[in-house]
Amino acid sequence: MILVANRIYVAPQHSAAFEELLATRAALVDDMPGFLGIQLLRPTKAGEPYLTQTFWASRDDFEAWLRSEAFVRGHARMDALPKDTFPKHAQVEIHEVFHRAGSAATPAGLADTADAR
């Protein structure tokens, strides 16, 4: 299993519109093979990025999502936000899950998915 973390810097004056866009996102990713779940996190300090975390059964599944028409359609909605919404480039990180424990470490929908490898 992998976790893909996307750190997204959002100008404070656009945070409400950005959050609404994410909260009402097209659920196109939900039916992708290997997609296990998503978490959307808001920063607790000014200047820190939002964080999206998606969980995938494999890196191949995630890369298939990146190549899909659904990905293009789902991310096209960002064009509706003002140009100055994103003061810095987003940073994408991919991590392989090698251990997880407890309900706090398990995103909704991931309980009892195959073991961590």
| Label-to-label distance, nm, for residues given as Glu96 and Ala23 (7 Å Cα→Cβ offset) | 3.8
| Dividing the alpha-carbon Rg of the chain by 2.2 N^0.38 Å yields what? | 1.10
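Bear in mind that the values in this text are calculations on the coordinates, not laboratory data. Predicted model, so just to flag it, every value in this text is computed and none were measured. When we count neighbours, we look across all protein chains shown, and the Cβ atoms used for this are built from the backbone with ideal geometry, even at glycine.
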